[in-house]
Amino acid sequence: MHYERDNIHRMHGYQWGEQPKDAGTIKLNTNENPYPPAPDVRAALGRFDVDVLRTYPQPTADGLRDRLAALHGVSREQLIITHGGDEALRLAITTFVDPGAGFGMADPSYSLYPVLSEIQDARSVSVPLDPHWQLPGDFAARLNAAGVRLTCIVNPHAPSGTLLGRETLGTLAAELDGVLLIDEAYVDFVDPALGHDLAPLTRELDNVLLLRTFSKGYSLAGLRLGYLIGAPSLIDPLISKTRDSYNIDAVSQALGAAAIDARAYAADTWARVRADRSTLHRALGQLGFSIPPSETNFLLARVPTSARLSAAELQQALKTRGILVRHFAVPGLDDRLRITIGTPEQNARLLDALTTLMTDSA
Ligand SMILES: Cc1ncc(COP(=O)(O)O)c(C=O)c1O
């Protein structure tokens, strides 16, 4: 006997990354920014007037929307602020996918997608990426044939770190019958020299949503703040119908605004992560790992076949040395470790441990 809907009864919930118990653990398993939030965010929290909490917050977080509209060169009507990127995903599936209809994704991608699909009682349609983490040529055709109403693509991709360009994604959106949500959770770490900017797509096409988060780039995973950019016709039902009545609390609105105003600080952390990404990529390569080029704050490192320990064993051995990295025990990924870029000191500790584990004959 159970009271929940059958699909909820059948499903498994999201498995979140391990949270270390002791502060000395080096946490390279959940792709957080290794640097603290901007000093101006700390100052804004210190200044925050608790009396403000007596009344409801501004319902649509317009102060934040206006700042982000200016940043991305879009209108306020093209933006909704959400309780983390995860709420944005849930709103998109609630709004655009009927129960029983298709929800499209590439495999592998963010492990929350199938969970949200099950909650909505949608049909997950998952299309494998090619060995270079690229979309197959018939991707859109397969999703259209399966009646997919919403497709989520992580770009830059998780867990590989690879980046698809604007032309590829614009063509895909034009081919798809449904909505294309491009999950840009890690886009802040893309090399600015590439000039990668998908915001123009949201003005040109009426079926493109871009997902952003403050969790990674702005070092605010604990705050739970994200947003979607899209055509006003896509954003309006999310704002006026499907979101919670006051989905962004007053503290988050104030700190989010401070983070955007102090964006130069965050951009400096992105540059540091990029520099350390190159250094770590090179050093892991010297240890025999093969790694696709990453435009994110993590690397997907394939353990050399000659290694003494498997990826799963390496992950456990690192853990006993106080270093958490991510291992996915699924076909196609189980010979790899996903490693978040840490501070230079954390990366050095990781490399020391891996060097010992890979070369020790004990
Ligand atoms: C691909 C991807 N999308 C979205 C998110 C959601 O991030 P948040 O809810 O913290 O904004 C994450 C978090 O890890 C992610 O990896």
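Is region 347-359 home to any residue that is farther than 20 Å from Thr25 by Cβ and surrounded by 14 or more Cβ atoms within 10 Å (Cβ to Cβ)? Yes, there is a match, as at least one residue in region 347-359 is farther than 20 Å from Thr25 by Cβ and surrounded by 14 or more Cβ atoms within 10 Å (Cβ to Cβ). Filtering Ser111, Ser126 for residues that are modelled with pLDDT under 95 and surrounded by fewer than 18 Cβ atoms within 10 Å (Cβ to Cβ) leaves a single hit, Ser111.
For Leu201, the test of being surrounded by 18 or more Cβ atoms within 10 Å (Cβ to Cβ) and not β-branched (Val, Ile, Thr) is passed.
Looking only at region 163-198, which residues are crowded, with 20+ Cβ neighbours inside 10 Å and either among the hydroxyl-bearing types (Ser, Thr, Tyr) or at pLDDT below 95 (or both)? Tyr186 - this is the single residue of region 163-198 that is crowded, with 20+ Cβ neighbours inside 10 Å and either among the hydroxyl-bearing types (Ser, Thr, Tyr) or at pLDDT below 95 (or both).
Pairing residues of region 110-126 that are of a type in the set (Lys, Arg) with residues that are more than 14 Å from the ligand (Cβ to nearest atom) and assigned to a strand (DSSP E or B), at Cβ distances under 7 Å and at least 6 apart in sequence or on separate chains, gives Arg123/Gly102; Arg123/Phe103. For region 64-73, the criterion of being within 15 Å of the ligand (Cβ to nearest atom) and either on the phi > 0 side of the Ramachandran plot or not basic (Lys, Arg) (or both) is satisfied by at least one residue. Would it be correct to say that His132 is touching a residue at least 40 places away in the same chain (Cβ under 8 Å), in the same structural domain as Lys241 (by TED's automatic domain parsing), within 16 Å of the ligand (Cβ to nearest atom) and not aliphatic (A, V, I, L, M)? In short, no.
The values are calculated or read from the model by the stated rules, or taken from the named source; none is laboratory data. This is a predicted model, so every value here is computed, not measured. Cβ sites come from the backbone with ideal geometry, for glycine too, and all protein chains shown count toward neighbours.
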